[in-house]
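Asks: Have a look at this one before I ask anything.
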Amino acid sequence: MLTAQPTASHFVDGRYHEDATGAAIAVTYPHTGAVIARLHTATPAVIELALASAARAQVEWAALRPVERGRILRRAADLIRDRGAELARLETLDTGKPIQETEVADWPSGADALEYFAGLAPTVTGETIPLGGDFAYTLREPLGVCVGIGAWNYPSQIACWKAAPALAMGNAMVFKPSEVTPLGALKLAEILHQAGLPAGLFNVVQGGGAVGGQLTRDPRVAKVSLTGSVPTGARVYAAAAEGMKHVTMELGGKSPLIVFDDANLEDAVGAAMLGNFYSSGQVCSNGTRVFVQRGIKARFLARLAERTALIRAGDPLDRETQFGPLVSPAQHAKVMDYIRIAQAEGARLVCGGAAGREGANFVQPTVFAEVTDTMTLAREEVFGPVMAVLDFDTEDEVIARANATQFGLAAGVFTADLARGHRVIGRLQAGTCWINAYNLTPVEMPFGGVKASGLGRENSRAAIEHYSQLKAVYVGMGPVAAPY
Ligand code: NDP
């Protein structure tokens, strides 16, 4: 029988911590629906312990040299890589994603973030501003206690992407994973402490929106970084505003992937598949509106259907499996509903469209063609393996249609004409863009959205600004010229 029971539900003040009076959380393996761990929601006492230890520990942590903080994060990155196989298996049990994905994408990307911000921390400096005798200088200071709240699609990567810049800049963090996937963040806490992180600096508390809400409202918290849906983002942003807290909002999308008729067909088809079927479509930056220029449309759809038919769905722990189940019965029901709506509204089903028979929560990789801009499938985020293909004729037309959405997370363009690639990307309203590539998110590159898809950026140097604040210091070098 599969089990993934952690030592305890929470990780607080440097150790695993249990409080069995909290409401029960049953963690299931999405492939079978079997319960693999039983946890408890954080009680107010657990939340208090986490916040108090974070506030206490942050002061000494911020006083360390950045290179010393970085050394610990770097060690944690190495430990993650050493334990890669074990961590990938846990991520697969928690999320249902194929082991061939979790081995290369999830924890490895988290380790990259820890390594990157470990190296970046000592390079963050201020500036001096000459003022004709007097001068001013600036310091980048930590914010204090940061709260991280995660979604269920990349639970360990999300925890690392938030913890790494926060800790590198001298903050403490209290992290609440999604109740659906609570296991990876506990491992991150364990590994960070094994690497030498002092107690209290990275705490994990379990629970749903209510726990996230309590953390967000606490006056000791200086910043909230959320990865989640747009409606949750609006609620958390509003709650944070009450306390004038900093926020990073990594929210949903309905991103355009535009394929011009001069594009390399195999590359464009491959990117559209990656951008809709990887992680069974549960990726926020997916290019779920695939705009294909009319001249290439028939060939594009034919190759897409051929290659989609070859996708190997099955047991996520089998190394040959390329495509796993959705994370939960609720998500499965939601995605199947969107498929029904798309058919009812007149989209043409090219392939897929049914529940998969490989296990619980499977949905076949699905492609709809002749999708129009007003259809639900073109407007709402599905968060499942459902690709919408839309036709277009001209550059101006496709740009206007691509931008006609509340979202602005990502966008992609495939064309052999690089001048056109840059020109089109320049006019698209999206925070993260690709030309002749899709969904690659290296830690060196900023990641985040515009419009309703959020604000702030993760990864890259840009994240430093979102986990620190600027202090300006004026230094008077002469007498004070007071007029009285
Ligand atoms: P949700 O918005 O439902 O939840 C996100 C997190 O917020 C969960 O931990 C949730 O707790 C918590 N939460 C819910 N309500 C509140 C509240 N009032 N206060 C504080 N915290 C709260 O998103 P999902 O988990 O369903 O994830 C899917 C969504 O995430 C998609 O829309 C997707 O696009 C987006 N996403 C965005 C990414 C990005 O970087 N832009 C990356 C990945 C996903 P719980 O669920 O445990 O109740």
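A short reminder: the numbers here are calculations on the coordinates, not readings from a lab. All values derive from a computational prediction rather than experimental measurement. Because the Cβ atoms are built from the backbone with ideal geometry, glycine has one as well, and the counts that use them run over all protein chains shown.
Asks: Of these, Glu68, Glu101, Glu60, Glu115, which one is of a type outside the set (Phe, Trp, Tyr), exposed (fewer than 15 other Cβ atoms within 10 Å of the Cβ) and farther than 25 Å from Arg220 by Cα?
Replies: Only one candidate passes the filter, namely Glu68.
Asks: Could you tell me which residue of segment 208-238 is nearest to Gln58 (Cα to Cα), considering only residues that are more than 10 Å from the ligand (Cβ to nearest atom) and part of a loop (DSSP other than H, G, I, E, B)?
Replies: Applying the filter and picking the extreme gives Arg220.
Asks: Next up: Provide a single number: the residues in segment 182-207 that are touching a strand residue (DSSP E or B) at 6+ places or on another chain (Cβ under 8 Å) and not in a helix (DSSP H, G or I). Write out each step before concluding.
Replies: Going residue by residue through segment 182-207, those that are touching a strand residue (DSSP E or B) at 6+ places or on another chain (Cβ under 8 Å) are 182-183, 185-186, 188-190, 192-193, 199-207.
Then drop every residue that is not not in a helix (DSSP H, G or I), which leaves 182, 199-207.
Going through segment 182-207 one residue at a time, the tally reaches 10.
Asks: Can you work out which of the residues in segment 456-484 that are in a strand (DSSP E or B) and of a type outside the set (Val, Ile, Thr) is surrounded by the most Cβ atoms within 10 Å (Cβ to Cβ)?
Replies: In the first step, residues of segment 456-484 are kept if they are in a strand (DSSP E or B); the result is 458, 468-475.
If we keep only those that are of a type outside the set (Val, Ile, Thr) as well, we get 458, 468-472, 474.
Details: Glu458: 24, Ser468: 22, Gln469: 16, Leu470: 11, Lys471: 11, Ala472: 11, Tyr474: 10.
Looking at the filtered set, the residue picked out is Glu458.
Okay, residues lined up against (1) over 24 Å from His40 (Cα atoms); (2) under 24 Å from the mean Cα position of the chain (by Cα); (3) not aromatic (Phe, Trp, Tyr):
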position	(1), (2), (3)
Gly196	yes, no, yes
Ser225	no, yes, yes
Gly233	yes, yes, yes
His246	yes, yes, yes
Leu265	yes, no, yes
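Asks: Does Asp82 satisfy the criteria of being more than 16 Å from the ligand (Cβ to nearest atom) and more than 25 Å from Gly200 (Cα to Cα)? Can you show your working first?
Replies: Numbers: more than 16 Å from the ligand (Cβ to nearest atom): yes; more than 25 Å from Gly200 (Cα to Cα): no.
So Asp82 fails the test.
Asks: Sort out which residues of segment 239-262 are in a helix (DSSP H, G or I) and either basic (Lys, Arg) or in contact with a helix residue (DSSP H, G or I) (Cβ under 8 Å, 6 or more places away or on another chain) (or both), and write them in order of number. If you could, list the steps in order and put the result at the bottom.
Replies: So in segment 239-262, the residues in a helix (DSSP H, G or I) come out as 239-242.
Hits for segment 239-262 are Ala239, Ala240, Glu242.
Asks: From the list Lys245, Lys254, pick out the single residue that is among the basic types (Lys, Arg) and either crowded, with 24+ Cβ neighbours inside 10 Å or within 10 Å of the ligand (Cβ to nearest atom) (or both). First the steps, then the outcome.
Replies: On the way: Lys245 fails: either crowded, with 24+ Cβ neighbours inside 10 Å or within 10 Å of the ligand (Cβ to nearest atom) (or both).
Every option except Lys254 fails the conditions.
Asks: Follow-up. Which of the helices (runs of 4 or more DSSP H) found entirely inside segment 376-455 contain at least 1 residues meeting this: within 16 Å of the ligand (Cβ to nearest atom) and either among the small types (Gly, Ala, Ser) or touching a residue at least 40 places away in the same chain (Cβ under 8 Å) (or both)? Full working, then the answer.
Replies: Details: elements: 376-379, 395-403, 418-427.
Output list reads 376-379.
Asks: Hey, could you check segment 69-114 for residues that are part of a helix (DSSP H, G or I) and basic (Lys, Arg) and say which is farthest from Lys162 (Cα to Cα)? Steps first, please.
Replies: Just the residues of segment 69-114 that are part of a helix (DSSP H, G or I), to begin with: 69-82, 84-95, 99-114.
Imposing the further condition that a residue be basic (Lys, Arg) reduces the set to 69, 71, 74-75, 81, 89.
Working: Arg69: 15, Arg71: 18, Arg74: 15, Arg75: 17, Arg81: 18, Arg89: 22 Å.
The qualifying residue farthest from Lys162 (Cα to Cα) is Arg89.
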